[in-house]
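The values are calculated or read from the model by the stated rules, or taken from the named source; none is laboratory data. Given the structure is predicted, the values throughout are model-derived calculations rather than measurements. FYI the Cβ positions are ideal-geometry reconstructions off the backbone, even for glycines, and counts take in every protein chain you see. Protein only, heavy atoms only, side chains kept; ligands, DNA and RNA dropped before computing areas. Shrake-Rupley method; radii C 1.70, N 1.55, O 1.52, S 1.80 Å.
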Amino acid sequence: MSHYAHHIFFCLNQREGGRPCCAARGAEAAFDHCKQAVKAAGLSGPGQVRVNRAGCLDRCEEGPACVVYPEGVWYTYVDQHDIDEIVERHLKAGEVVERLLLPDAAPLATPAP
């Protein structure tokens, strides 16, 4: 068993020269809010959820971006309500929040039997 059931990594990358970056789109505030929401939901700690900072996840043009492992589900978000939805639906209930998926991160269709 893994030490944590889920890790959620937030890109907090700051780029120079006007290039798009997650830091300029509120990633630090989203990270802080997610940590608080996970704690408030009683999901933090060993065997549950770990909220992590990350450097560049190489998705800044599509961001802000975060990724949930072990599933490898990539999300974008606009505000705290989006973060709350990821916490409640994905981290708590195990349901992918499809409306927040990054464009090429859509789940693969299950083949017909």
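Miscellaneous remarks
- Based on C-alpha pairs under 8 angstrom that are at least 6 apart in sequence, region 29-88 has a relative contact order of 36 percent.
- For region 54-86, the residues whose amide N sits under 14 Å from a probe point set 7 Å from the Cα of Asp32 along the beta carbon direction are 80.
- Put Tyr75, Tyr69, Tyr4 in order of accessible area, highest first, and with a 1.4 Å probe you get Tyr69, Tyr4, Tyr75.
- The structure-derived value of percent of Cα pairs over 20 Å apart appears in the list (i) 38; (ii) 62; (iii) 35 under the label (i).
- The chain, relative contact order in percent, only Cα pairs under 8 angstrom and at least six apart counted: 30
- Pairwise FRET efficiency - Leu102 versus His7, Cβ, R0 = 30 Å, nearest 0.05: 0.95
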